[in-house]
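Following: one structure in structure tokens, then a few remarks.
The values are calculated or read from the model by the stated rules, or taken from the named source; none is laboratory data. All figures in this text were calculated on a predicted structure; none of them were measured in a lab. Ideal geometry is used to build each Cβ from the backbone, glycine not excepted, and the neighbour counts take in all protein chains shown. Areas reflect the complete protein model, heavy atoms only, side chains present, ligands, DNA and RNA absent. Shrake-Rupley method; radii C 1.70, N 1.55, O 1.52, S 1.80 Å.
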Amino acid sequence: MREKLPDGTLVVTNRFGNGKTATDPILHWTAEVYSPDGHHVSISEWNGENGYTARPGTPALSLEQLKTIVTDPCS
């Protein structure tokens, strides 16, 4: 999902499965912010110790929480 904020910042959130186009089951969540000044913050979450051991399930943080982290002015 892409969202442009009033200040021109672009926020992108995604959910991925096992592969480039797979979405079911969801294994990987990302949130990124691209600021007009070139500032870029990215955060990624997997259900597992790494990308190879990821399993379906409820993530520790929701996409909304990941979005909050990347859009925080202190990040």
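Counting other Cβ atoms within 10 Å, keep those with at most 16, restrict to DSSP loop, and tell me which chymotrypsin sites (Phe, Trp or Tyr not before Pro) in the chain are left. Write down the numbers at each step before the final one.
On the way: sites: 16, 29, 34, 46, 52; in loops: 52.
Filter output for the chain: 52.
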Subject >> the chain, accessible area per residue, ligands and nucleic acids excluded (1.4 Å, Å²) >> reply: 69 Å²
Original post:
Given H placed on each backbone N at 1.01 Å, which residues far from residue 18 in sequence or on other chains put an amide H within less than 5 Å of it?
Top reply: 24
Subject >> FRET E, pair residue 58, residue 35, Förster distance 35 Å, beta-carbon r, rounded to 0.05 >> reply: 0.70
Subject >> Mean projection area, nm², convex hull over Cα of the chain >> reply: 5.4 nm²
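In whole percent, how big is the carbon plus sulfur part of the accessible area of the chain, probe 1.4 Å, protein atoms only?
53 percent
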Subject >> Linear extension gain, residue 4 paired with residue 69, 0.36 nm per residue minus alpha-carbon span >> reply: 21.8 nm
